[in-house]
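To start, the structure itself, in structure tokens.
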Amino acid sequence: MGAVGTARWPSGHRRVRRRPTLDRMAEPGPTDEVRATWDGIAPAWERHRQLVFEQFRPVSEWLVERVSPQPGQTILEVAAGPGDTGFLAAERLGPDGKLISTDLAPGMVEAVRRGAAERGLVNVESRVMDAQRLDLGDASVDGVLSRLGYMLVPDPAAAFSEARRVLRNGGRFAYAVIGSPSANDWMTVVARVFAQRGQMRTGDPFGPGGPFSLSDHDRNRALLAEAGFEHVDVTELTGTMTFESPSVYWDRQSQIGGPFPALIAALPAEEVAAVRAAVGTALDQFATGDGYVLPSSLVVAAAS
Ligand SMILES: C[S@@+](CC[C@H](N)C(=O)[O-])C[C@H]1O[C@@H](n2cnc3c(N)ncnc32)[C@H](O)[C@@H]1O
């Protein structure tokens, strides 16, 4: 593993100190840590929603095609963030259909409500929900989709079983997660700088809840089979992400890049300036006449 191997996303690996008292149940667990991180940056995700939507639009379209929403159906979006992928599905469902847009972070759910209202989408229900424990009945939805969420879930086996449970017979499941670090410079440029400067806590980014925890195709196939899916297709969607300038890259990563906003907030101003300058230098190799073009590769899966 390269330098990014020392990067640490909220992943459920941090050892939680146990108190020998009855209040143990109230202690924050790995999922609470994930919720706090993403709730904290929900306002920034809402501000950047258009940029993120455009950058990942082909992935969203792939997912929606694979779930194939039909008028009148009910589609569930898991780990929806500000919800733009689900909105593509909602447009196809019509007034008699319903998108249930869910996320662990209440701030994201609020962003979905505002986004749906701005688009005049009246068939969107937005709810706080943990992917590992869906508050929905068995066989209650026609499709489940999720973009860039399941890799953050500490227990993906539970999350995929839940997706299977809520799907009607023949219902379709499609999701995207981050591929291997070597193919995702848009993420790792900034992580490497933090790691090289000793600013990241150690941890396994391939471990449960880590950003690359579902980057292996066979692991996805095995988890899906274990959850009861019979027809499984796992593949890679490769592309590029273009940033107008190092400033645009920095603004995006420092405001919505998972653990980075909190890391930056804890650093003295001069160290932040040094990190930012180092990120700028690291981006030089990706400069083209048409902005900074960084490789991206996502693992996408469709199952039924
Ligand atoms: C990288 S963002 C992706 C957001 C959105 N799907 C997108 O592609 O723009 C990850 C999202 O997963 C959500 N998330 C993380 N763990 C979750 C869980 N256990 N259940 C539901 N959502 C979760 C976070 O709150 C966050 O909104």
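The values are calculated or read from the model by the stated rules, or taken from the named source; none is laboratory data. What you see is a predicted model, and the numbers here were worked out from it, not measured in a lab. As a convention, Cβ positions derive from the backbone with ideal geometry for all residues, glycine included, and neighbour counts pool all protein chains shown.
Quick notes
- The conditions of being surrounded by fewer than 17 Cβ atoms within 10 Å (Cβ to Cβ), in a loop (DSSP other than H, G, I, E, B) and among the small types (Gly, Ala, Ser) are met by GLY207.
- From ALA176, ALA163, ALA139, ALA157, residue being more than 11 Å from the ligand (Cβ to nearest atom), closer than 25 Å to VAL234 by Cβ and not in a helix (DSSP H, G or I): ALA139
- ASP185 vs. criteria under 22 Å from VAL59 (Cβ atoms) and acidic (Asp, Glu): yes
- The set of residues in segment 63-80 that are in contact with a strand residue (DSSP E or B) (Cβ under 6 Å, 6 or more places away or on another chain) and either more than 16 Å from ALA131 (Cα to Cα) or assigned to a loop (DSSP other than H, G, I, E, B) (or both) comprises LEU63, ARG66, VAL67, PRO69, GLN73, THR74, VAL78, ALA79, ALA80.
- GLY258 under 23 Å from LEU63 (Cβ atoms) and out of contact with any strand residue (DSSP E or B) (no Cβ under 8 Å at 6 or more places or on another chain): yes
- Leading residue by the ranking (farthest from the ligand (Cβ to nearest atom)) among those in segment 97-136 that are assigned to a strand (DSSP E or B) and of a type in the set (D, E, K, R): LYS98
- Listed by first and then second residue, the pairs linking a residue in segment 209-237 that is over 18 Å from SER180 (Cα atoms) to a residue that is among the aromatic types (Phe, Trp, Tyr) and part of a loop (DSSP other than H, G, I, E, B), with Cβ atoms under 7 Å apart and 6 or more places separating them unless they lie on different chains, form an empty list.
- Of everything in segment 50-90 that is loosely packed, with under 15 Cβ neighbours inside 10 Å and more than 14 Å from the ligand (Cβ to nearest atom), the residue that is nearest to SER296 (Cα to Cα) is GLU65.
- Selected residue (only one of ALA157, ALA191, ALA174 is modelled with pLDDT under 95 and aliphatic (A, V, I, L, M)): ALA191
- Test result for ALA302, crowded, with 21+ Cβ neighbours inside 10 Å and of a type in the set (A, V, I, L, M): yes
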